[in-house]
Amino acid sequence: MMNLNEEYKLKKDLPTLKAGAIFVRSNLYTDGVWVCGDDINARYYFTEKDLSHQPEWFEKVDNKWKPSLKQSYFYLDFINILLRKDFHIHERLNINHEIDEFNFKIGNVFETQEDAEFCRDEFIKPAFKKFHKQYPPGSLRG
C-alpha cells in the first residue's frame with residue numbers, strides 16, 4: 001500500500017509526458033489519487049490501482065532530508081504565531097518524539113535556519129496571502 005505523503009516519479013516516457021515527471025498526492029480526492037501538476041489543472045494522474053497493476057511505471061521519490069537521532073534540525077513554529085506575529089524558527093534535537101515525527105510527516109524539517117527562512121518567506125507566507133486574496137471573508141471555498 002502506498003503512503004499518501006509519498007511522491008512518485010514516472011520511469012518511462014509517455015506520448016505527451018516525459019520520464020521523470022513527479023506525481024504528488026492530490027488534495028482534491030480522498031481515494032488515493034496522485035497528480036502531475038497542480039490539483040485543478042492536472043492532466044495526468046494515477047491511482048493506487050494503477051501502481052499495483054503497473055509498478056514498472058513508477059518509483060518512489062525519496063528526496064526529503066531527515067536528521068538522524070540526536071541530530072539538530074530547524075522547523076517553523078506554527079503554534080506560537082499569534083504571540084510572535086510571525087513564524088518563529090526553532091532549532092530542535094531529533095529525539096524521535098511525536099513532535100519530531102509530526103514535523104517529519106508534514107515536511108517541516110530543515111538542515112539550516114536559512115532553509116527554514118527561505119521556505120517561510122518564499123512559500124508559506126505567499127500561500128497565506130494567495131488564499132486570502134482568492135477567498136475573501138464570506139466567499140465560497142472550493
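The values are calculated or read from the model by the stated rules, or taken from the named source; none is laboratory data. From a predicted model like this one, the values you see are computed outputs, not experimental measurements. Every residue, glycine among them, receives a Cβ derived from its backbone with ideal geometry; neighbour counts consider all protein chains shown.
The numbered conditions (1) modelled with pLDDT of 80 or more; (2) exposed (fewer than 10 other Cβ atoms within 10 Å of the Cβ); (3) under 18 Å from the mean Cα position of the chain (by Cα) are all true for residue 30 except (1). Of the strands (runs of 3 or more DSSP E) contained entirely in segment 41-128, those carrying at least 1 residues that are among the β-branched types (Val, Ile, Thr), modelled with pLDDT under 85 and closer than 28 Å to residue 9 by Cβ fall at 44-47, 58-61.
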